[in-house]
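The structure appears right after this line, and notes come after that.
The values are calculated or read from the model by the stated rules, or taken from the named source; none is laboratory data. What you see is a predicted model, and the numbers here were worked out from it, not measured in a lab. Cβ coordinates were reconstructed from backbone atoms using ideal geometry, including for glycine residues, and neighbour counts include every protein chain displayed. Protein only, heavy atoms only, side chains kept; ligands, DNA and RNA dropped before computing areas. Shrake-Rupley method; radii C 1.70, N 1.55, O 1.52, S 1.80 Å.
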Amino acid sequence: MQIRLDKYMADAGYGTRSAVRDLVRKGHVTVNGVQVRTPDQKIDTASQVLVDGTQVFYEEISYYLLYKPAGILSASRDGREKTVVDLIPEPKRRDLFPVGRLDRDTVGLLLITNDGKLSNRLLAPGKHVEKTYRAVVAGDLPEGVEDRFLAGLDIGDEKDTAPARLRILGEMSEEQYLDCMRQHGIEEENRMASLKEASPRLSEVELVITEGRFHQVKRMFEAVGCSVIFLKRISMGKLSIPEDMKPGEIRKLTEEDIGKMS
Ligand code: URA
């Protein structure tokens, strides 16, 4: 594979693109034994690149957008169970991991990469990266629930949740719910039977949160007396699931796509 020398070196951890360009221009770099001074020249990834005589070990930085299907574990590898990384069509990539986690029954946007810096940036609590979820919620949403989400909720943690924006999109019929389940390949016979007994109201909602606490969305709705019966993440930062993407589909992202996230 051909790649620009400055990208090759930046991916290998030799600093920012401008720092590595400087190293090249000042004559610190050789490619296959020949001194080079043009940082944007293309080289083969199998080339031997030395900086002041020390070999550079290149690791391709990859990004995948997965429309996570239900029933799959959000982890790198698991001895027993299929994970989101097992869905990536590059079986030898042991370096990939998901950025954050979605519950086994949650579907939607999951970024899979080997870029630890990006992952830290997106998950750091101080960064407040917005995560948008669509959910189907069973039960009566109390009057003024949007304000309660905005004010912060006690979900049993040390601190209340940070302000979250809730939008009630409307009521959902049983048929619409079952259709949504079918589209996501989720078997819902059992849950539907128990729902029918209680005959709760089903609502479709959209929620934007900036934290990533364990089961956060489900616990927020529990705190107002409702339960989440379907959960899908539709965006993280400025990256959204494309309209034409289907559950289980994976797309390789470009650096430009990733640039949109921060
Ligand atoms: N909140 C949840 O409750 N579950 C998820 O998978 C993600 C956010």
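Can you name the condition, by its number, that ARG148 falls short on among (1) modelled with pLDDT of 95 or more; (2) over 22 Å from ARG101 (Cβ atoms); (3) open to solvent by less than 80 Å² (accessible area, probe 1.4 Å)?
With respect to (1) modelled with pLDDT of 95 or more; (2) over 22 Å from ARG101 (Cβ atoms); (3) open to solvent by less than 80 Å² (accessible area, probe 1.4 Å), ARG148 is out only on (3).
Would you point out the residue of the range 206-262, among those that are small (Gly, Ala, Ser) and out of contact with any Asp or Glu (no Cβ under 8 Å at 6 or more places or on another chain), that is farthest from the ligand (Cβ to nearest atom)?
By that ranking, first place goes to GLY259.
Using the structure shown, decide if ARG201 is in contact (Cβ under 8 Å) with a residue 24 or more places away in the chain, under 24 Å from VAL99 (Cα atoms) and open to solvent by 50 Å² or more (accessible area, probe 1.4 Å).
So ARG201 fails the test.
Here is a yes/no grid of residues against (1) open to solvent by less than 60 Å² (accessible area, probe 1.4 Å); (2) within 23 Å of LEU253 (Cβ to Cβ); (3) out of contact with any strand residue (DSSP E or B) (no Cβ under 6 Å at 6 or more places or on another chain); (4) charged (D, E, K, R):
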residue: ILE3; (1), (2), (3), (4): yes, yes, yes, no
residue: MET9; (1), (2), (3), (4): yes, yes, yes, no
residue: THR38; (1), (2), (3), (4): no, no, yes, no
residue: TYR64; (1), (2), (3), (4): yes, yes, no, no
residue: LYS82; (1), (2), (3), (4): no, yes, yes, yes
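In the range 50-88, what residues are in contact with a helix residue (DSSP H, G or I) (Cβ under 8 Å, 6 or more places away or on another chain) and either in contact (Cβ under 8 Å) with a residue 24 or more places away in the chain or assigned to a strand (DSSP E or B) (or both)?
The answer is VAL51, VAL56, TYR58, GLU59, GLU60, ILE61, TYR63, LEU65, LEU66, ILE72, ALA75.
Give the residue that is most open to solvent (accessible area, probe 1.4 Å), with candidates limited to residues of the range 154-186 that are in contact with a helix residue (DSSP H, G or I) (Cβ under 9 Å, 6 or more places away or on another chain), assigned to a helix (DSSP H, G or I) and not aromatic (Phe, Trp, Tyr).
The qualifying residue most open to solvent (accessible area, probe 1.4 Å) is GLU174.
Starting from residues that are over 17 Å from ILE186 (Cβ atoms) and within 16 Å of the ligand (Cβ to nearest atom), keep the ones in the range 84-108 and report whichever is least open to solvent (accessible area, probe 1.4 Å).
VAL99
What residue, of GLY27, GLY33, is at positive phi, more than 27 Å from the chain's Cα centre (by Cα) and open to solvent by 40 Å² or more (accessible area, probe 1.4 Å)?
GLY33
Which of the residues that make up the range 11-34 are free of Cβ contacts under 8 Å to residues at least 12 places away in the same chain and touching a strand residue (DSSP E or B) at 6+ places or on another chain (Cβ under 7 Å)?
Matches in the range 11-34: GLY27 only.
Mind checking which residues of the range 5-49 are part of a strand (DSSP E or B) and hydrophobic (A, V, I, L, M, F, W, C)?
The first filter runs over the range 5-49 and keeps only residues part of a strand (DSSP E or B), leaving 29-31, 34-35, 42-44, 49.
Once the filter is applied, which keeps residues that are part of a strand (DSSP E or B) and hydrophobic (A, V, I, L, M, F, W, C), the range 5-49 yields VAL29, VAL31, VAL34, ILE43, VAL49.
Of (1) exposed (fewer than 12 other Cβ atoms within 10 Å of the Cβ); (2) touching a Phe, Trp or Tyr at 6+ places or on another chain (Cβ under 7 Å), ALA124 satisfies all except one. Which?
Status for ALA124: all satisfied but (2).
Please find, within the range 46-62, the residue that is farthest from THR16 (Cα to Cα) out of those that are open to solvent by 40 Å² or more (accessible area, probe 1.4 Å) and among the hydroxyl-bearing types (Ser, Thr, Tyr).
Filtering first and then ranking leaves THR54.
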